[in-house]
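The values are calculated or read from the model by the stated rules, or taken from the named source; none is laboratory data. Being a predicted model, the structure only gives us computed values, none of them experimental. Virtual Cβ from ideal backbone geometry, glycine too; neighbours counted across all protein chains shown. SASA here: full protein model, heavy atoms, side chains in, ligands and nucleic acids out. Shrake-Rupley method; radii C 1.70, N 1.55, O 1.52, S 1.80 Å.
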Amino acid sequence: MTGRVSIQTGDFDLSAEVAALRRGDGGVGAVCTFVGTVRDHSGGESVATMELEHYPGMTEKAIEGMIDEACRRFDIRGVRVIHRVGLLQPADQIVLVAVTSAHRGESFQACEFLMDYLKTQAPFWKKEL
């Protein structure tokens, strides 16, 4: 694991990412994760592929800013966000948000806060075919 944010074309391993986030932190009592995947339909239409684009540098900076805000709002210990870009197929993993904290409530709240931001405001452009 490198840094808090990765924008990448390749898939990710949930177990490896969570293990890396927890490694060396004996104060972690809770880990909350969200993994988003490509659906085979959207708005009543079939989806064969989804293509995601972003502006390198700008997207990472925006997500880092929201992680900083989550750290101010919630008592969390660690955060990892991975978002894939490029051409994806139904059932492919798109996004991972993982949050550690001493107690579950803070992890749940921070995870939801970050995922809501990624879904509604993060600078990604999506095209479904």
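Some observations on this one:
- Unmatched cysteines, the chain - criterion: no other Cβ of a Cys under 4.7 angstrom: C71
- Using the Cβ-Cβ distance between V47 and H103 with R0 set to 30 Å, the FRET efficiency from 1/(1 + (r/R0)^6) comes to roughly 0.20.
- Its Cα centre serving as origin, the chain has a Cβ charge dipole (Lys and Arg +1, Asp and Glu -1) of approximately 320 debye.
- Fraction of accessible area attributable to carbon and sulfur, the chain (%, probe 1.4 Å): 48 percent
- Lys/Arg +1, Asp/Glu -1 at C-beta; the range 1-67 dipole; positive extreme among I63, L52, G26: G26
- Answer label, with Rg/Rh (Cα atoms, Kirkwood Rh) calculated from the coordinates and candidates (i) 0.93; (ii) 1.24; (iii) 0.98: (iii)
- Choice from A98, A70, A48 with maximal GNM fluctuation in the chain (Cα, 10 Å cutoff): A48
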